[in-house]
Amino acid sequence: MALFFRSAEVDDVHQLNDLTGRSALHWGYEPEFLEWEPQSITVTAASILEDQMMVAELDGVAIGYYGLRGTPDDLSLDKLFVEPTHIGTGVGKELWNHAMATCRCLGATGISFYSDPNAAGFYRAMGATWIREVETSRPGWNLQVFSYRLSPESPE
């Protein structure tokens, strides 16, 4: 599968938010989940303009994206979502690898990020280190905190 990566554009806001919703609901969340703390998962024009947000396309169709936020000294993975029909096909790994290569190009030596509990296994498989769990206002749903050390010679 040959993915094409491109920078997100402001016109992508609705498409990326729809993809985010489909991806989140894939894990069994009810639609109301998307309305709980929407600022955490919503893509905005400002986030596209201010953050490093990349879209992965297959045959001209967006099937995933990620966002990096901050400066090289304090960079975080803000979002990484995959179209449900492509979950488990390697798209997530390609997004991760591209994101880590982008982090290196930006001069980062490591990143930290919060994760949905359902994605924790994926990030562990990618080599990220689990740090702790953070309680949220949603009963039974806690954020997972990870870090990842970048080494210049690591192939992605």
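The values are calculated or read from the model by the stated rules, or taken from the named source; none is laboratory data. What you see is a predicted model; the values in this text were computed from it and never measured. Counting neighbours? That spans all protein chains shown, and the Cβs are built from the backbone with ideal geometry, glycine included. All accessible areas refer to the heavy atoms of the entire protein, side chains included, with ligands and DNA or RNA removed. Shrake-Rupley method; radii C 1.70, N 1.55, O 1.52, S 1.80 Å.
A 1.4 Å probe run over the chain, with the rest of the protein chains in place, finds 53 Å² accessible per residue.
Working note: Debye formula, equal point scatterers on the alpha-carbon atoms of the chain, no solvent; log10 I(q)/I(0) at q = 0.11, 0.14 Å⁻¹ is -0.40, -0.68. Counting only protein heavy atoms and using a 1.4 Å probe, the accessible area of S147 comes to about 40 Å². Just the protein heavy atoms count here, and of the accessible area of the chain at 1.4 Å, carbon and sulfur take up 53 percent. Annotation: extensible slack from N118 through R149 equals 9.0 nm (criterion: 0.36 nm per residue apart, minus Cα-Cα distance).
Computed over protein heavy atoms with a 1.4 angstrom probe, the accessible surface ordering of E135, E57, largest first, is E135, E57.
Adding -39500 (n - 2.57) for every DSSP H run of four residues or longer, then dividing by how many residues the chain holds, sets the calculated 222 nm ellipticity at -8000 deg cm²/dmol.
For the options A45, A125, A108, a Gaussian network treatment of the chain with springs between C-alpha atoms closer than 10 Å singles out A125 as fluctuating the most. Both radii are taken from the alpha-carbon atoms of the stretch 58-114; with Rh as the Kirkwood radius, Rg/Rh is 1.01. A Förster radius of 35 Å combined with the Cβ-Cβ distance from D59 to C105 puts the calculated FRET efficiency at roughly 0.85. Within the full protein context, the accessible area of L80 is estimated at about 30 Å² for a probe radius of 1.4 Å. Could you pull out the chymotrypsin sites (Phe, Trp or Tyr not before Pro) across the stretch 66-146 that fall in loop regions by DSSP (anything but H, G, I, E, B) with no more than 14 other Cβ atoms inside 10 Å? Answer by residue number: W141.
Computed from the C-beta positions of Y29 and E50, the FRET efficiency with R₀ = 30 Å rounds to 0.65. Placing S23, S7 in order of accessible area, with the largest value first and a 1.4 Å probe, yields S7, S23. Taking the Kirkwood radius as Rh and the Cα radius of gyration as Rg, the stretch 1-64 has a ratio of Rg/Rh equal to 0.99. Each label was represented as a point 7 Å from its Cα along the Cα-to-Cβ direction; for Q15 and E135 these points are 4.2 nm apart.
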